[in-house]
Amino acid sequence: MVTYIIRRLLMLIPVLIGMTLITFSIVHLIPGNPAQVILGETATGEAIANLEETMGLNEPYFVQYWNYLLDLLQGDLGTSLRSKAEISSEILPYIAATFELTFFAMLFAIIVGVNAGIISAWKQNSWFDFLAMLFALVGVSMPVFWLALMEQWIFAQELGWLPAYGRQDSRDPIAAITHLYVLDSLIHLDFARAFTILKHLILPSIALGTIPMAIIARMTRSSMLEVMKSDYIRTVRAKGSGQFLVIYKHALKNAMIPVVTVIGLQTGVLLGGAILTETIFSWPGVGRYVYEAINYRDYPVIQSGILVIAFIFVMINLFVDILYKKLDPRIKY
Amino acid sequence: MEDVILELSGLSTHFFTDQGEIPAVDKVSFRVHKGEVVGVVGESGSGKSVTSLSILQLIPSPPGKIVSGSIRYKGEDLAKATEKRMKRIRGNEISMIFQEPMTSLNPVFTIGNQMREAIRIHQKISKKAATEKAIQMLKLVGIPRAEDIVNEYPHQLSGGMRQRVMIAMAMSSDPSLLIADEPTTALDVTIQAQILDLMKKINKEEHTSILLITHDLGVVADICDRVVVMYAGQVVEKGTTREILKDPQHPYTQGLIRSLPKLHGREEKLYSIPGTVARPKKDRVGCRFAPRCEFAFERCFKENPELYQLGDGRESRCFLHTEKKGERLEDATTNT
């Protein structure tokens with residue numbers, strides 16, 4: 001297991017180099033002089049020369065790339081052109097916000113999706129099965145922004161049960177430690193605040209989690225149906241096991257392998273910045289951070305944002321690969 | 001008889017499919033006595049596996065369903081038993097092993113885990129005691145280094161070893177009846193012999209009755225006391241192994257025996273029964289074997305033959321027994 005993880009980590013190196021090459025190219029693929037583009041048409045020659053100097057644009061490409069890599073290895077993502085702040089520290093709260101939202105969205109997607117899939121497979125062709133699969137079909141097909149707006153309209157506007165936007169009550173902001181607000185409020189032992197923050201999470205989590213939930217439900221169902229036909233399930237039944245043990249122990253562990261793949265990919269997609277959801281719910285996540293940077297042509301931020309998202313995606317895939325090995329002892333690399 | 005462990009009478013299991021109702025098992029009756037090994041023989045599609053799965057109510061339902069008949073296990077009708085009662089029977093009173101040892105064990109749990117589960121479903125003992133029991137059972141079926149094997153996964157074992165594990169698991173609650181559905185079909189010949197020897201040993205030492213499903217008459221000759229021959233969902237002949245092999249009465253049984261390769265007397269071409277097993281159909285008229293039978297005459301295509309009693313518990317489903325008192329049949333046997 002340990003050697004496997006080490007080998008898998010070594011395999012990451014070429015992937016990471018490829019990623020940095022792409023993000024590095026972003027700045028240099030801008031048509032014309034990057035400094036000119038960044039400063040705009042009215043910039044003086046002197047200003048452009050200054051910016052080229054500070055960005056190191058007058059060095060040869062490989063020297064620039066080497067410096068970029070060295071900076072990255074030291075955790076230096078560069079400086080935002082707009083706020084003049086270090087991106088590496090500026091981006092952290094955004095990552096935390098996205099992480100928190102993704103966590104709860106996937107929690108919703110996995111719990112509801114996997115169980116709906118299991119029960120659908122268990123009671124194949126029952127009314128539950130038809131209803132769940134209809135719901136899943138609607139879930140996959142529904143535009144996220146529409147669902148988000150409907151949620152806001154029904155649960156925030158009309159019923160007034162849940163807050164429509166933001167991560168917390170803005171009149172009473174939290175003293176952030178980890179920037180994961182649920183965790184922060186628990187560290188402060190402030191349970192009332194934790195409750196408020198959880199309430200803020202419900203609507204965006206459901207909006208964001210609905211598509212993954214539907215995909216997971218469909219995948220779990222088909223995978224379970226496949227596994228339930230296998231010989232070893234018949235053996236378990238011949239041993240005298242109850243249906244619950246058959247399904248939740250023997251069938252589920254075998255059926256989870258393709259489902260875990262889907263969960264990993266979907267988590268990656270969500271972490272990659274759910275721009276629509278984050279915009280509608282005014283959620284200060286990575287997606288919004290990069291989106292705003294694009295509006296301001298803040299190239300270092302775009303570059304770093306993409307790099308961070310790609311890095312998280314790769315890490316999730318690593319985690320999924322390790323999980324495979326846990327699920328299926330036959331897997332060898 | 002007092003010592004009847006299992007008695008099937010008129011068991012019919014039908015599959016309800018889009019193509020209509022298929023009587024996969026049609027009024028099958030036979031008995032298994034205490035300490036006896038009974039073989040159920042037939043080609044693929046003869047309904048022998050469905051019969052064995054019906055006994056434990058393991059047929060996939062839907063589409064399969066026991067439509068009539070009874071399965072008396074020590075007097076209790078399993079065809080009418082509740083699922084709750086069946087859970088107590090399966091793996092405890094009646095155990096079952098299957099054809100595919102490669103796929104019959106769950107690949108993602110260790111041998112120990114799966115054996116412990118089988119033990120602890122029926123016996124209220126601790127996890128540690130269950131592990132010890134598992135190791136003891138593995139040793140009983142002749143698995144070397146059983147202490148290590150319990151921590152290994154099925155894919156780390158060979159086919160023969162896995163079948164031994166299956167048998168160990170099946171025997172762990174000391175059942176009265178072991179149903180073995182083609183237990184040696186997927187194994188090498190030398191391993192087959194070992195597994196059959198193991199089953200003989202279990203039969204002799206534990207006095208476990210065995211119902212052996214097979215298409216291999218060699219296996220039958222090796223281990224069975226009595227034989228039930230099935231064709232297209234029906235029993236076509238019953239008798240002791242010796243009688244059936246020496247003096248088969250039904251044309252189908254004769255065909256099966258003629259198609260066995262022999263060591264002496266090199267034949268140019270091995271005999272095979274022409275055609276394939278007809279798919280059981282509801283409301284079929286005539287003997288099911290008639291289209292493939294070399295002795296078939298008019299009546300065979302118009303009426304359904306009964307099982308005729310031939311004395312000494314022998315039965316055969318063929319009109320020849322009434323028409324000519326089996327005269328032609330005897331001719332045919334002596335020719336082979």
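The values are calculated or read from the model by the stated rules, or taken from the named source; none is laboratory data. All values derive from a computational prediction rather than experimental measurement. Virtual Cβ from ideal backbone geometry, glycine too; neighbours counted across all protein chains shown. Surface areas here come from the heavy atoms of the whole protein model, side chains and all, with no ligands, DNA or RNA. Shrake-Rupley method; radii C 1.70, N 1.55, O 1.52, S 1.80 Å.
Can you give the extra length, in nm with one decimal, that the chain gains between A:Arg297 and A:Met315 once fully stretched, where that is 0.36 nm per residue apart less the Cα-Cα distance?
Result: 3.7 nm gained on full extension.
May I ask you to rank B:Lys124, A:Lys239 by accessible area, largest first, using a 1.4 Å probe over the protein chains only?
Sorted by accessible area, descending: B:Lys124, A:Lys239.
Among B:Arg258, B:Arg85, B:Arg162, which one shows the highest mean-square fluctuation when chain B is modelled as a Gaussian network with alpha-carbon springs under 10 Å?
Residue with maximal mean-square fluctuation among B:Arg258, B:Arg85, B:Arg162: B:Arg85.
Any lysines with Cα under 26 Å of the A:Lys326 Cα? List them, leaving off those in the same chain fewer than 8 positions away.
By straight Cα distance, A:Lys326 reaches A:Lys229, A:Lys239, A:Lys249, A:Lys253, B:Lys127, B:Lys128.
Calculate I(q)/I(0) for segment B:106-236 by the Debye formula, one identical point scatterer on each C-alpha and no solvent, and give its log10 at q = 0.10, 0.17 Å⁻¹ to two decimals.
So the normalised log intensities are -0.35, -0.92.
Sticking with the crude label model, points 7 Å out along Cα→Cβ, report the distance from B:Arg72 to B:Glu298 in nm, one decimal please.
Those two pseudo-labels are separated by 4.2 nm.
Using Cα atoms only, what is the angle between the long axis of helix B:189-205 and the major principal axis of chain B, expressed in degrees (0 to 90) to the nearest 10?
The angle comes out near 80 degrees.
Quick one: go through segment A:220-254 and flag any residue whose amide nitrogen is under 20 Å from the point 7 Å out along the Cα-to-Cβ line of B:Arg85.
Inside the label zone: A:238-243.
Compute the FRET efficiency between A:Gln74 and A:Phe128 as 1/(1 + (r/R0)^6), taking r as their Cβ-Cβ distance and R0 = 41 Å, and round to the nearest 0.05.
Calculated transfer efficiency: 0.15.
Do any chymotrypsin sites (Phe, Trp or Tyr not before Pro) in segment B:276-320 lie in a loop, going by DSSP, with at most 15 other beta-carbon atoms within 10 Å of their beta carbon, and if so which?
B:Phe297
Compute the distance from the alpha-carbon center of segment B:180-247 to that of segment A:84-122, in whole Å.
Rounded to whole Å, the Cα centres lie 58 Å apart.
Please give the FRET efficiency for A:Ile17 paired with A:Arg82, using the beta carbon to beta carbon distance and R0 = 30 Å, rounded to the nearest 0.05.
It comes out at approximately 0.55.
For chain A, what is the relative contact order in percent, using Cα pairs closer than 8 Å and at least 6 residues apart in sequence?
25
Rounded to the nearest 500, what is the 222 nm mean residue ellipticity of chain A from helices alone, with -39500 (n - 2.57) per DSSP H run of 4+ residues and division by all residues?
So the calculated ellipticity at 222 nm is -23000 deg cm²/dmol.
Working from the alpha-carbon coordinates of segment A:17-76, get Rg over Rh, Rh being the Kirkwood radius.
For segment A:17-76, the value is 1.00.
Round to a whole angstrom and tell me the spacing of the C-alpha centers of segment A:1-61 and segment B:6-30.
One Cα centre to the other: 73 Å.
I'd like the orientation of helix A:92-122 relative to chain A: the angle between its Cα long axis and the longest Cα principal axis, in ° from 0 to 90, rounded to 10.
Tilt relative to chain A: about 20 degrees.
Most fluctuating residue of A:Phe103, A:Phe191, A:Phe145 in a GNM of chain A with Cα springs under 10 Å: which is it?
Of A:Phe103, A:Phe191, A:Phe145, the Gaussian network model singles out A:Phe191 as fluctuating most.
Work out, in µm²/s and without decimals, the Stokes-Einstein translational diffusion coefficient of the protein assembly as shown at 10 °C, 1.306 mPa s, Rh from Kirkwood over C-alpha pairs.
It comes out at roughly 52 µm²/s.
Using just the helices of chain B, give the 222 nm mean residue ellipticity in deg cm²/dmol: DSSP H runs with n ≥ 4 each add -39,500 (n - 2.57), and the total is spread over all residues, rounded to 500.
-9500 deg cm²/dmol
Could you work out how far the C-alpha centroid of segment A:209-239 sits from that of segment B:160-175, in angstrom?
Answer, in whole Å: 27.
For segment B:104-174, how big is the tail of P(r) above 18 Å, as a whole percent of Cα pairs?
Here the long-distance tail beyond 18 Å is 25 percent of all Cα pairs in segment B:104-174.
Tally Lys/Arg at +1 and Asp/Glu at -1 over every other residue whose Cβ is under 12 Å from the Cβ of B:Asp77; what's the total?
+2
If R0 is 56 Å, what FRET efficiency do you get for A:Lys229 and A:Leu183 from their C-beta distance, rounded to 0.05?
Calculated value: 0.80.
I need the P(r) histogram for chain B: all alpha carbon pairs, bin width 20 Å from 0 out to the longest distance, whole percents.
Answer for chain B: a P(r) of 30, 56, 14, 0 percent.
Reachable lysines from B:Lys262, Cα under 21 Å, same-chain residues fewer than 8 places away excluded?
Cα-Cα hits under 21 Å: B:Lys246.
Counting Lys and Arg as +1 and Asp and Glu as -1, each charge on the Cβ, what is the dipole of chain A about the Cα centre in debye, to the nearest 20?
2180
Between A:Arg7 and A:Tyr324, what is 0.36 nm times their sequence separation minus the Cα-Cα distance? Round to one decimal in nm.
112.6 nm
Which lysines, on any chain, are close to B:Lys34 with Cα under 19 Å apart, when same-chain ones fewer than 8 places away are left out?
Of all the lysines, those that pass the test against B:Lys34 - Cα under 19 Å, at least 8 places apart if same chain - are B:Lys74, B:Lys200, B:Lys201, B:Lys204, B:Lys238.
Give, in whole angstrom and from largest to smallest, the semi-axes √(5λ) of the equivalent ellipsoid of segment B:139-210, with λ running over the eigenvalues of the Cα gyration tensor.
In descending order, the three semi-axes are 19, 15, 11 Å.
How big is segment B:189-269 in terms of Cα radius of gyration and Dmax, in angstroms?
14.1, 45
Work out the P(r) tail for chain A: percent of alpha carbon pairs separated by more than 38 Å, whole number.
Percent of Cα pairs beyond 38 Å in chain A: 30.
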